Structure formats: C-alpha cells, structure tokens
Amino acid sequence: MAVSDGGGAGPGLPDNRPIIEVENLTVTFGAIRAVRGVSFTVRSGECVAIVGESGSGKSVTARTLFGLPGSGATVDATTLRINGRDALTLREKQWRAVRARLGYVLQDALVSLDPLRRVGAEIAEPLRLHGVLARDRVPARVIELLRAVGVPEPQARAAQFPHELSGGLRQRALIASAIACDPDLLVADEPTTALDVSVQAQILRLLAERRREGTALLLISHDLAVVATLADRVLVMKDGVFVEDGPVAQVLEAPSHPYTRALLAAIPGAQSKGKWLSLPTGSAQADPVPAPSTPGPGEVVIEARGLVKRYGTRIAVNDVSFQLRAGQTLGLVGESGSGKTTIGRLVLGLLTPDHGEALVDGVAWSRMSGRRRREVRRHIQVVHQDPLSSFDPRFDVRQILDEALLVGGVPRAQRRARAVELLEQVGLDETMLHRRPARLSGGQRQRLAIARALAPGPRVLVCDEPVSSLDVSVQAQVLDLLVRLQRETGLAYLFISHHLGVIYHMSDEVVVLNDGRVVESGEVGQVFTAPRAEYTRELLAAIPTIRVPAGAGIGGSHAEFPQEATS
Amino acid sequence: MRSRRAAIGGRLLVRLATSVMVLWGAVTVSFCALHLTPGSVEDALVGTTIVTPEVRAQIAVDYGLDRPLLVQYGAYLGRVVSGDLGYSYQRHESVVSAIGAGIGPSLQLAGAGMALALVVATVSALTTAGRARWIRGLASGAELVGTSVPMFWVGILLLTVFSFQLGWMPAVGGDGLTGLVLPAISMAIPVGALLSQVMREGLERVLQQPFALTARARGMSDGGVRLRHALRHALLPVITLAGWLFGMLLGAMVVTEKVFSRPGLGVLMLDAVHGKDLPVVMGVVLVSATVYVVVNTGLDLIYPVIDPRLREAT
C-alpha cells in the first residue's frame with residue numbers, strides 16, 4: 001500500500017532511484033574519528049552490506065543516516081542526501097519526516113522493543129506518529145503487519161509483551177514496526193546476531209522478501225556469511241574507512257584487501273578444518289604448528305551415561321550419553337533451549353542429574369566425597385561465554401590468576417612467575433598483571449578466562465559458547481589459541497556452541513542436541529557431511545554459507561595441522 | 001489466563017499477610033517496651049503526671065497487671081485490634097483522639113510535600129536528563145544544595161520572605177490550602193532534589209537503550225521518547241525511594257511543624273517524649289508503622305502494573 005507520495009516502487013516497477021547518497025562522510029566524537037571519509041549509494045530495490053568488526057564505525061554510519069549519530073558527534077560530508085533531501089542542513093523537525101521514510105532494525109529485539117509496552121503498541125507507534133492512517137484503522141494494520149512478517153496468531157501476539165515472545169518472533173515484531181510506514185529503506189544493524197541458525201535463516205528470508213517488494217536494504221554485520229546471502233554489494237569497513245567495495249561475488253571470490261582476506265579466512269567451518277583461522281602476525285608466522293603431545297585419542301576422561309535433568313515439568317536433558325577422551329574435542333551443538341549448558345553443568349558436577357551419571361576418570365560425581373570432589377574440580381575447568389561477568393570486577397588480572405593458582409595448590413612464592421607463564425601461554429604478557437578485566441578488550445578477556453581455567457592444571461576444559469560474543473577475527477584468534485593449547489598439552493575440550501561452523505572447525509566428535517535429546521552423534525565430518533537425522537539436515541541447511549574458493553588469496557600463511565596433513 | 005489470575009491473587013494474599021506480620025511485630029515491640037521500662041508499668045504509663053492512687057488502681061485493672069504476662073499481651077493485642085490505643089493521663093484524652101487530631105494535618109503535609117517533590121523531580125529530570133554538560137551540572141548543583149540545606153532553615157527563609165516581608169502567606173497555623181503551601185514547599189525541596197537525582201540517572205540509562213534509539217529512528221521526537229518510553233522505566237526506583245521517604249517524612253516532620261506552628265503527629269510525638277507520655281509514644285509508633293506498611297504494600301502492588309516483566313516473577 002502506498003502511504004505517501006514517492007513511496008517505494010512497487011514490485012515489477014524497478015526504478016534505480018538513489019535513496020542514500022553519501023560522499024566523504026566523516027563522524028567524529030571529540031578527538032575520536034569514528035568514520036573517516038566514506039562514500040556510498042543505496043538505490044531502491046538494492047541490498048548493500050557494510051561488514052566490519054565492533055568499533056569499525058559501521059553502526060555510527062548507519063545511525064548518521066537517521067540523524068542520530070550519538071551525543072557529542074560532529075558530522076561532516078560533501079554530500080549526504082536521503083531520499084533526495086540534503087540531510088546536512090536538516091533541523092530536528094525535518095529529520096523526523098525523513099525518518100518516517102526509513103526503517104531501523106537493531107540486533108536484539110528484547111532491548112530494541114520497549115519492554116514495558118505491548119508489542120502491538122510498539123508497532124502502532126510509527127503509524128500514529130506519522131498519521132499515515134486513520135486512528136481506528138491502526139489496530140487492523142498492526143495485525144496485518146504482524147501477519148506479513150510471518151507471526152502466527154498475530155492478534156494474541158500484539159497483546160503480549162516483548163519478553164513473552166521467543167527471540168525469532170520478537171525480531172519479526174521489530175521488523176514489523178520498522179516496515180509499518182512502508183519505508184523506502186530498511187537499515188538492519190546485526191539483525192540476526194542474537195539468533196539461532198534456523199531463526200536466522202527465517203529472518204534473512206523475511207528481509208529478502210521485503211527487498212523483492214522494492215524496499216532497499218542496508219545490512220550491517222560483522223559476519224560476511226550472513227550478508228553474502230542477501231547483499232548485491234559489500235562494503236568492508238575497518239577503522240572508519242571502506243577498505244573494500246564491490247559486488248558480493250567479487251569481494252568474496254577475489255578480495256583485493258588483506259583485511260577482507262583475513263575476514264574470509266577467519267570464518268570457521270568445513271573449509272577451515274585443520275587450518276589456522278587467524279593469520280599469524282610477526283614472528284609467530286614462522287612458527288610451525290606443534291604436533292599433538294599424545295598421539296591419537298587417549299583414555300576416557302569424561303563420560304555421560306543416560307543423563308536426565310528436569311526443571312519442574314520440563315525435561316531439560318533427556319537420556320544423554322557421550323564420552324570424551326584425552327586430547328580430543330567433543331562438540332555439543334544445538335539451538336538455545338536444547339540443554340547444552342545444563343549438560344555442561346552436570347558434567348562439571350555443579351548440578352545433580354535426576355537419572356544417569358556424569359563420570360570423571362571413570363568415577364561418578366555422586367560417588368565422590370566432598371573433599372574428593374574439590375580435588376577433581378581442579379582437573380575440569382570451565383570457560384564461559386561472557387568472561388567479564390565471571391571475573392570479580394574488583395580483582396586485577398594478578399588476583400584473578402592468583403586465586404586460580406591457589407586452588408591448583410601452587411605455593412605463594414611461585415604464583416607470580418606462574419601467572420606470567422600462563423599469560424604468555426595465552427598470548428598476553430606481564431604488563432597486563434595489574435589491569436582490571438573491565439579495561440581489557442573482549443578478546444583479551446577471553447584469553448584471560450582461558451589462562452585462569454588453565455591455572456589449576458586441568459585435563460578437561462568445558463567451553464560454554466566461548467566465542468559467541470566475539471567478532472569473527474577475534475573469535476579466530478581465540479579458537480586458534482584453544483587448538484594450539486590442545487596440541488601442546490593434550491587437554492580435552494567439551495565444546496558447547498550453537499554455531500555449527502565453530503563446532504565443525506573445533507570438534508573431533510559431535511553430539512547434536514534438540515530439546516534435551518541426542519539427535520545424532522559421531523565423527524564430526526561424518527555428521528556434517530552425511531547427516532542421518534532430519535533435524536541435523538535442517539540445521540545444516542539453515543547455515544548461511546559462502547563459497548570460499550580454494551586458497552582465495554590466503555596463501556601459504558595458512559598453515560595446516562601436521563596431523564591433518566598426514567592422515 | 002485463570003491460573004495467571006490465581007497466581008496474582010496468591011501473591012496479593014502473601015503480600016498482605018506479610019504486612020499484617022510487620023504490624024503485629026510493631027505491636028509486640030511496643031508491648032515489650034512498656035514492660036521493659038524501668039519501674040512499674042503504672043509509672044511508665046503515667047509518666048511525669050502526678051495521679052491519685054485510684055487512677056493507679058484503675059490502670060492496674062485496665063491493663064490486667066495482676067494477670068500473667070501472656071494474658072496481658074493477648075488483652076493488649078485485642079485492644080489494639082479493636083482500635084483502643086490507651087489513654088494519655090497527661091493530655092486527659094484517649095490516644096486515639098490525640099492522634100486523630102494530629103494525623104490529618106500530618107498526612108496532608110506529607111502528602112502535599114511528596115506530591116510536590118514528585119512533580120518537581122519529574123519535570124526537572126525530564127528536562128535535564130542527557131542534555132548538555134552545563135545544564136546537567138546546573139541541575140545537579142541545585143540538587144546538591146537542595147539536599148544539603150536543613151529543612152528548618154528553608155522553612156524560616158520561606159516564612160521570612162513570603163509571610164513577613166511580602167505577606168502573601170499566613171505565618172502560623174495549618175488551616176486551609178494557603179497554610180499548607182510554605183510547609184509543603186520546605187519539605188519538597190530536599191525530597192524533590194533527591195528524587196530528581198535518582199530519576200535523571202534512571203532516564204539517562206534508559207535513553208541509552210536500543211529501544212530509545214529505535215523509537216527515535218521511527219521519527220519520534222525527543223520529548224516523545226522521554227515521556228512515552230523513558231519515564232516509565234525511570235519511575236520504578238523513584239517509586240521505591242518515595243515510599244521509603246514518605247515513612248521518613250512522617251517522623252521527620254516535627255521540625256517543619258514547629259517552624260510553621262502547625263499541629264501534627266511530629267509535635268504530638270515530641271511533646272509525648274518530653275513528658276514521658278508512653279501511651280501516646282506507643283500509639284504514634286503504631287500509627288506510623290501502619291501508614292508505612294500501607295504505603296509500601298500499595299507500592300509493591302504497583303510495580304507489576306508498571307513493569308509487566310515482574311508479573312511472571314514468583
């Protein structure tokens with residue numbers, strides 16, 4: 001439905017009207033130059049993607065298009081035209097009219113929809129604000145919009161609050177509110193980052209549908225694979241500038257900038273198995289990958305036998321069994337709510353199963369005395385998704401490691417030296433000792449969390465979504481670090497993730513979970529290339545994949561693991 | 001739907017039961033205070049008043065002092081529940097009528113002061129949150145002054161200017177609306193300053209949230225985002241604090257009442273403490289506790305209305 005004059009071209013009416021024209025855009029916050037002279041155009045019916053890591057300036061660029069770059073920002077450009085209007089001279093009131101023709105979708109709808117207001121009220125808001133409909137027709141339009149974005153039972157959903165909806169439905173509702181006024185351009189800033197793969201696929205399909213209807217799309221993401229499925233053109237952003245700009249096929253197949261190549265190489269999955277994900281820097285480049293300290297799989301260190309865990313009437317874990325051997329990685333993969341984290345806690349002996357047993361070195365937690373349990377805990381450590389909240393914020397790095405070393409029984413006199421060793425082992429150094437975790441970057445924090453987990457001298461690490469909150473390239477470094485540590489020390493990993501690519505890259509064996517049940521398990525290549533269960537096939541089909549041509553500019557720096565090379 | 005309503009009803013019952021327990025505790029404490037006061041219970045009750053032996057005998061009968069302590073306690077509870085808070089031998093009236101005369105002006109003053117404080121805090125927080133540094137500096141400076149100056153000094157200042165010099169307001173008495181203006185303002189200044197600080201902080205946190213950005217990106221005006229989205233989020237901590245402050249105010253009002261020569265619970269309490277008039281002290285304590293409990297129970301029931309996420313919480 002056409003809402004105002006100049007409203008988007010209908011289907012079958014292709015016009016190449018530029019909606020966004022940006023030339024030489026600069027956004028500064030005091031001394032910080034977040035965006036440094038970028039130029040791009042988005043035309044109607046086109047999908048342009050900006051790819052970059054956190055801090056690259058991609059979100060600031062998007063927000064500038066709405067006249068909302070953030071407080072204290074100075075915007076400068078040769079040209080900044082939105083829908084043909086010169087946005088550089090707009091006053092606040094005129095901006096509001098410009099925004100009426102744009103839609104904005106942010107990462108997590110749980111915080112992007114007002115949690116205190118009903119979903120329907122949020123979707124109705126733009127309709128009421130811009131007076132595009134008679135008041136009495138608004139509720140019907142809200143239902144229509146919810147139906148259009150594929151929300152079942154729209155009537156009931158409109159009356160609910162955001163926290164009562166699932167992540168996927170919430171994101172759909174947010175998109176419904178963004179398209180309520182039939183915008184010419186939809187800006188989606190990390191629209192699927194917080195979602196499971198299958199939900200992500202649905203949301204991407206929904207966005208593709210909007211585009212077919214004639215809405216221009218500006219996708220912002222840190223994940224090249226996500227944008228590859230949708231975008232016509234990709235702009236790779238780094239430190240406030242576009243380092244690469246071209247059609248999607250060209251950027252993916254013949255990347256011209258080293259940074260783009262690094263981003264591509266950092267994507268974990270089938271193609272990356274047995275390779276380093278991050279390009280080694282400096283002297284590390286010459287380092288050969290150390291051979292595994294113990295050849296072949298060792299003895300069973302962790303075993304789950306028919307684990308069952310109930311929360312009230314809900315069965316979180318239902319008859320789960322697996323074995324983890326020394327020097328091996330077992331991947332637990334499933335969507336949110338599949339019971340992964342509960343299994344991790346059962347294995348750590350932090351939860352007691354209702355049925356079945358979790359065994360460490362052949363002894364069940366339930367058979368151990370309190371003292372024995374504490375002794376065993378030293379040997380099985382955990383790395384969480386959000387390391388910051390797992391550190392006492394008042395501790396500095398030294399105190400964090402000191403505490404872990406104390407647990408490991410290291411005498412006080414040796415702890416400092418050992419702490420420095422641990423830091424070096426994870427790629428940090430002595431200068432970090434007196435920093436507080438809040439002042440470390442995301443990657444450094446996760447390295448510190450790994451160092452802390454290593455401190456008591458464990459034989460098993462339970463990694464619960466250890467890279468899920470990290471950018472692709474930082475994720476690559478952390479995954480590489482985990483692989484290197486395993487090769488050097490023969491650690492066993494129980495690796496929990498919802499990310500199939502990460503699981504494929506890291507695991508020797510994999511257990512696929514759905515609703516607390518084991519859907520399929522076995523050798524990772526087998527499960528991922530020839531899945532037997534329907535559910536696994538669906539999961540795999542939902543992954544946005546990009547065809548990375550063999551050795552696309554990655555060159556010889558991409559070392560292979562010796563073990564893989566010889567097998 | 002029905003089970004949800006039942007759950008809400010259940011929660012309501014639990015909350016009310018807790019309130020009753022708190023009040024019961026207050027009654028018990030004041031009963032203990034009576035019996036732990038050095039000297040006989042009769043002496044404690046009459047305080048500094050000289051009474052005839054007949055009155056003392058009457059007290060012993062009324063309070064059943066010859067019976068076991070537990071029976072006395074039961075009888076005391078029964079009297080309190082039926083609304084009999086005892087007799088003040090100094091004021092020669094029942095405690096209920098003494099409090100009855102004071103509670104009206106007190107509630108008026110506390111209510112008017114709190115309402116004014118809330119309005120001032122809301123307006124000032126809404127207009128200054130997230131603004132330029134100098135505006136926020138100015139506002140927080142004013143708030144610091146507001147919370148720091150003593151209430152009686154503000155009262156005296158207001159009286160000097162508006163009553164004695166300009167003659168706009170009556171200088172004494174608590175009759176009618178005009179008598180309420182100056183005392184309410186003098187109470188609202190420190191309270192409003194404190195609430196305004198809390199609210200601005202809350203608003204600034206909310207305005208940073210993605211949904212505030214989303215609302216602005218929809219084309220909503222800055223004022224609209226503040227009023228329609230942010231305000232409700234910022235209200236929760238303010239309401240908690242306001243409930244607590246209301247209880248405080250009832251007790252802290254004595255200074256304001258003295259300065260403006262108003263009747264009220266504060267003055268009643270002060271006189272009772274001076275004259276060791278224990279029945280009145282105990283009565284005021286019980287009434288204050290009741291007001292406090294009622295206000296806070298009411299607020300607890302309001303939270304889930306404001307924040308739907310609290311409705312599912314056990």
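The values are calculated or read from the model by the stated rules, or taken from the named source; none is laboratory data. Just so you know, these numbers come straight off a predicted model, no measurement behind them. Methodologically, a virtual Cβ is constructed for each residue, glycine included, from the backbone with ideal geometry; neighbour enumeration extends over all protein chains shown.
Tally time: how many residues in the range A:101-115 are in contact with a His (Cβ under 8 Å, 6 or more places away or on another chain) and surrounded by 22 or more Cβ atoms within 10 Å (Cβ to Cβ)?
1
Which ones in the range B:30-52 are surrounded by 13 or more Cβ atoms within 10 Å (Cβ to Cβ) and either small (Gly, Ala, Ser) or free of Cβ contacts under 8 Å to residues at least 24 places away in the same chain (or both)?
If the condition is that a residue be surrounded by 13 or more Cβ atoms within 10 Å (Cβ to Cβ) and either small (Gly, Ala, Ser) or free of Cβ contacts under 8 Å to residues at least 24 places away in the same chain (or both), then B:30, B:33, B:40, B:42, B:43, B:44, B:47 are the ones that fit.
For the subset of the range B:118-155 comprising residues that are in a loop (DSSP other than H, G, I, E, B) and within 14 Å of chain A (Cβ to nearest Cβ), which member is surrounded by the most Cβ atoms within 10 Å (Cβ to Cβ)?
For the range B:118-155, the residue satisfying everything is B:129.
Conditions (1) under 17 Å from the mean Cα position of the chain (by Cα); (2) within 14 Å of chain A (Cβ to nearest Cβ); (3) over 26 Å from residue B:119 (Cβ atoms), marked per residue:
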site	(1), (2), (3)
B:250	yes, no, no
B:275	no, no, yes
B:280	no, no, yes
B:284	yes, no, yes
B:289	yes, no, yes
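If residue A:464 meets every condition in (1) in contact with a strand residue (DSSP E or B) (Cβ under 8 Å, 6 or more places away or on another chain); (2) acidic (Asp, Glu); (3) at pLDDT below 90 apart from one, which number is that one?
Evaluating residue A:464 over (1) in contact with a strand residue (DSSP E or B) (Cβ under 8 Å, 6 or more places away or on another chain); (2) acidic (Asp, Glu); (3) at pLDDT below 90 leaves (3) as the failure.
Is there a residue being within 24 Å of the chain's Cα centre (by Cα) and part of a helix (DSSP H, G or I) anywhere in the range B:31-47?
The answer is yes; a qualifying residue exists.
How about the range A:64-112: which of its residues are facing chain B (nearest Cβ under 7 Å), among the basic types (Lys, Arg) and farther than 13 Å from residue B:213 by Cβ?
The answer is A:96, and nothing else.
Can you pull out the residues in the range A:175-210 that are assigned to a loop (DSSP other than H, G, I, E, B) and more than 14 Å from every other protein chain (Cβ to nearest Cβ)?
A:192, A:195, A:196
Can you give me the number of residues within the range B:208-233 that are surrounded by fewer than 22 Cβ atoms within 10 Å (Cβ to Cβ), of a type outside the set (D, E, K, R), under 35 Å from the mean Cα position of the chain (by Cα) and within 9 Å of chain A (Cβ to nearest Cβ)?
3
Among (1) surrounded by fewer than 19 Cβ atoms within 10 Å (Cβ to Cβ); (2) outside any strand (DSSP E or B); (3) among the β-branched types (Val, Ile, Thr), where does residue A:315 come up short?
(2)
The rows are residues; the columns are (1) assigned by TED's automatic domain parsing to the domain that holds residue A:55; (2) touching a residue at least 40 places away in the same chain (Cβ under 8 Å); (3) surrounded by fewer than 20 Cβ atoms within 10 Å (Cβ to Cβ); (4) within 19 Å of the chain's Cα centre (by Cα).
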| residue | (1), (2), (3), (4) |
| --- | --- |
| A:176 | yes, yes, no, no |
| A:189 | yes, yes, no, yes |
| A:225 | yes, yes, yes, yes |
| A:228 | yes, yes, no, yes |
| A:246 | yes, no, yes, no |
| A:251 | yes, no, no, no |
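Can you name every residue in the range A:125-139 that is within 7 Å of chain B (Cβ to nearest Cβ) and part of a loop (DSSP other than H, G, I, E, B)?
Selection gives A:130 alone.
Can we say residue A:172 is in contact with a Gly (Cβ under 7 Å, 6 or more places away or on another chain) and either surrounded by 20 or more Cβ atoms within 10 Å (Cβ to Cβ) or within 14 Å of another protein chain (Cβ to nearest Cβ) (or both)?
Yes.
Does the range B:188-209 contain at least one residue that is among the polar types (S, T, N, Q), more than 25 Å from residue B:102 (Cα to Cα) and not in a helix (DSSP H, G or I)?
yes
Say whether the condition of being under 27 Å from the mean Cα position of the chain (by Cα) and closer than 11 Å to residue B:186 by Cα is met by at least one residue in the range B:125-142.
no
Pick from A:102, A:133: which is of a type in the set (A, V, I, L, M, F, W, C), assigned by TED's automatic domain parsing to the domain that holds residue A:224 and at pLDDT below 90?
When all the criteria are applied, what remains is A:133.
Please indicate, with yes or no, whether at least one residue in the range A:500-508 is in contact with a strand residue (DSSP E or B) (Cβ under 6 Å, 6 or more places away or on another chain), of a type in the set (S, T, N, Q) and crowded, with 21+ Cβ neighbours inside 10 Å.
For the range A:500-508, residues in contact with a strand residue (DSSP E or B) (Cβ under 6 Å, 6 or more places away or on another chain), of a type in the set (S, T, N, Q) and crowded, with 21+ Cβ neighbours inside 10 Å: present.
Given the criteria in contact with a Ser or Thr (Cβ under 8 Å, 6 or more places away or on another chain), of a type in the set (D, E, K, R) and not in a strand (DSSP E or B), does residue A:122 qualify?
Yes: the conditions hold for residue A:122.
Quick check on this structure: which one of B:171, B:184 is more than 14 Å from chain A (Cβ to nearest Cβ), modelled with pLDDT under 90 and in contact with a Phe, Trp or Tyr (Cβ under 7 Å, 6 or more places away or on another chain)?
B:171
Give the range B:172-201 a look and list any residue that's free of Cβ contacts under 8 Å to residues at least 40 places away in the same chain and small (Gly, Ala, Ser), or say none.
Result: B:176, single match.
Go through the range B:53-74 and count every residue that is touching a helix residue (DSSP H, G or I) at 6+ places or on another chain (Cβ under 7 Å), in a loop (DSSP other than H, G, I, E, B) and surrounded by 11 or more Cβ atoms within 10 Å (Cβ to Cβ).
Here the count works out to 3.
Exactly one condition in (1) at pLDDT below 95; (2) in contact with a strand residue (DSSP E or B) (Cβ under 6 Å, 6 or more places away or on another chain) is false for residue A:515; which is it?
(2) is the only condition that residue A:515 fails.
Any idea which of A:358, A:404 is within 19 Å of residue A:445 (Cβ to Cβ) and in contact (Cβ under 8 Å) with a residue 24 or more places away in the chain?
A:404
Scan B:221, B:163 and give me the residue that is among the hydroxyl-bearing types (Ser, Thr, Tyr), more than 30 Å from residue B:305 (Cβ to Cβ) and out of contact with any Asp or Glu (no Cβ under 7 Å at 6 or more places or on another chain).
None of the other options fit; the residue is B:163.
Assuming residue A:393 fulfils every condition listed in (1) in a loop (DSSP other than H, G, I, E, B); (2) not assigned by TED's automatic domain parsing to the domain that holds residue A:442 apart from one, which condition is it?
The failed condition is (2).
Any chance you could count how many residues in the range A:364-386 are touching a Pro at 6+ places or on another chain (Cβ under 8 Å) and in a loop (DSSP other than H, G, I, E, B)?
Qualifying residue count for the region: 4.
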